[in-house]
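Trainee: Quick one: the structure is below, questions incoming.
The values are calculated or read from the model by the stated rules, or taken from the named source; none is laboratory data. This structure is a prediction, so every number in the text was calculated from the model and none was measured. Counting neighbours? That spans all protein chains shown, and the Cβs are built from the backbone with ideal geometry, glycine included. Accessible surface is based on the protein model in full, side chains and every heavy atom, while ligands, DNA and RNA are left aside. Shrake-Rupley method; radii C 1.70, N 1.55, O 1.52, S 1.80 Å.
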Amino acid sequence: MSITMTEDAIVLKNGAKTFQEDAEEPIYVLKNVDLTIKKGEFYILLGPSGCGKSTLLNIIAGFSELSMGDLEIITSDTTNRDGRGFVFQSADSALFPWLTVEENISFGLKMKKIPKAQRKEIANKFIELTGLSSHGSKFPDNLSGGMKQRVQLARVLANEPEILLMDEPFGALDAMTRRTMQSELIRIWSETNKTVIFVTHDIQEAIILGQKIGIMSVGPESRIDTTYEVDLTYPRDTTSVAFNKNYKQVQAHFEDYSI
Ligand SMILES: Nc1ncnc2c1ncn2[C@@H]1O[C@H](COP(=O)(O)OP(=O)(O)OP(=O)(O)O)[C@@H](O)[C@H]1O
Ligand SMILES: [Mg+2]
């Protein structure tokens with residue numbers, strides 16, 4: 001599978017962020033950040049811990065404001081948070097424990113006053129897409145970490161966002177579950193044509209998933225140092241020579257510091 005995109009979905013020019021707006025000499029977490037993400041692209045933000053990946057993703061999500069610069073989100077959806085859906089690192093804090101899997105997934109639809117029968121139909125579609133069939137009536141507390149992350153993803157997808165923003169969504173999962181979720185995410189992405197921005201500090205995860213990898217420099221004043229294009233088709237074989245070559249090239253950017 002090889003996918004090419006042409007239209008822009010997200011354009012950030014000269015972005016900067018400080019959390020000390022009033023200080024005489026504010027410290028910038030992000031500075032001179034330039035970023036262009038194409039419609040339908042799988043884009044990875046890769047960088048060392050604390051460099052500002054979540055800060056940047058939260059700005060793209062609209063949760064936080066830029067201190068300087070211009071951000072353009074180009075979607076045809078102006079009603080649905082401008083077409084953006086956010087998947088958090090922890091499903092535990094994102095899901096409602098008193099609602100079943102199906103109710104969690106259809107929660108946003110209920111808020112949008114979509115009739116019950118239609119909600120059920122949409123929820124079932126995403127239950128199936130995310131591999132949750134037969135778990136619809138369970139409560140989050142009775143699910144494994146991987147299953148909970150599937151529910152969170154299904155709930156976001158049920159709102160049909162054009163852009164999926166994911167902040168280390170598999171960071172808390174064990175290695176095997178994480179690998180399964182990575183494959184599932186690639187399958188879902190290829191079936192739904194979403195634009196995905198996925199944050200990670202794991203080089204292997206970046207190369208398993210990404211078409212482009214925005215490599216961030218160490219903070220403060222972090223920016224996207226290099227945009228690396230992964231020249232591999234999906235699914236990616238982590239044991240192949242070509243995978244290893246990509247890994248080494250990305251790793252070379254981090255030789256001056258450990259991540
Ligand atoms: N609300 C805030 N107020 C003040 N400083 C903040 C705030 N949010 C983040 N920071 C600072 O901004 C920097 C970047 O934080 P951020 O959480 O974006 O990093 P990250 O790359 O996502 O790290 P990690 O890999 O650990 O998740 C850190 O130095 C952090 O302390
Ligand atoms: Mg973070």
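Trainee: Any chance the stretch 203-219 includes a residue that's open to solvent by 60 Å² or more (accessible area, probe 1.4 Å) and within 16 Å of ligand 2 (Cβ to nearest atom)?
Mentor: The answer is yes, given that some residue of the stretch 203-219 is open to solvent by 60 Å² or more (accessible area, probe 1.4 Å) and within 16 Å of ligand 2 (Cβ to nearest atom).
Trainee: Take the residues in the stretch 166-181 that are over 24 Å from Val11 (Cα atoms) and open to solvent by less than 10 Å² (accessible area, probe 1.4 Å), then tell me which one is nearest to ligand 2 (Cβ to nearest atom).
Mentor: Residue satisfying both the conditions and the ranking: Phe170.
Trainee: List the residue pairs whose Cβ atoms are under 7 Å apart, where the first residue sits in the stretch 44-55 and is closer than 10 Å to Asp167 by Cβ and near ligand 2 (Cβ under 9 Å from one of its atoms), the second is open to solvent by less than 10 Å² (accessible area, probe 1.4 Å) and part of a loop (DSSP other than H, G, I, E, B), and the two are 6 or more positions apart or on different chains.
Mentor: Every condition considered, the pairs that remain are Lys53/Gly47.
Trainee: Also, quick follow-up: Taking Asp225 and the conditions (1) in contact with a strand residue (DSSP E or B) (Cβ under 9 Å, 6 or more places away or on another chain); (2) crowded, with 16+ Cβ neighbours inside 10 Å, which numbered condition does it fall short on, given that it satisfies the others?
Mentor: (2) is the only condition that Asp225 fails.
Trainee: When you look at Lys138, is it surrounded by 20 or more Cβ atoms within 10 Å (Cβ to Cβ) and over 23 Å from Lys245 (Cα atoms), yes or no?
Mentor: For Lys138, the condition - surrounded by 20 or more Cβ atoms within 10 Å (Cβ to Cβ) and over 23 Å from Lys245 (Cα atoms) - is not met.
Trainee: Consider Ile37 against the criteria (1) open to solvent by less than 70 Å² (accessible area, probe 1.4 Å); (2) within 16 Å of ligand 1 (Cβ to nearest atom); (3) hydrophobic (A, V, I, L, M, F, W, C): it satisfies all of them except one. Which criterion is unmet?
Mentor: Among (1) open to solvent by less than 70 Å² (accessible area, probe 1.4 Å); (2) within 16 Å of ligand 1 (Cβ to nearest atom); (3) hydrophobic (A, V, I, L, M, F, W, C), the lone unmet condition for Ile37 is (2).
Trainee: Which of the strands (runs of 3 or more DSSP E) found entirely inside the stretch 156-259 contain at least 1 residues meeting this: under 19 Å from the mean Cα position of the chain (by Cα), at pLDDT 95 or above and closer than 18 Å to Gln89 by Cα?
Mentor: Because the criterion is at least 1 residues that are under 19 Å from the mean Cα position of the chain (by Cα), at pLDDT 95 or above and closer than 18 Å to Gln89 by Cα, the strands (runs of 3 or more DSSP E) in the stretch 156-259 that meet it are 163-167, 195-200.
Trainee: Exactly one of these conditions fails for Gln20: (1) open to solvent by 20 Å² or more (accessible area, probe 1.4 Å); (2) in contact (Cβ under 8 Å) with a residue 12 or more places away in the chain. Give me its number.
Mentor: (2)
Trainee: Let me ask another. Does the stretch 121-135 hold any residues that are crowded, with 16+ Cβ neighbours inside 10 Å and either aliphatic (A, V, I, L, M) or at negative phi (or both), and which are they?
Mentor: Ile122, Ala123, Asn124, Phe126, Ile127, Leu129, Thr130, Leu132, His135
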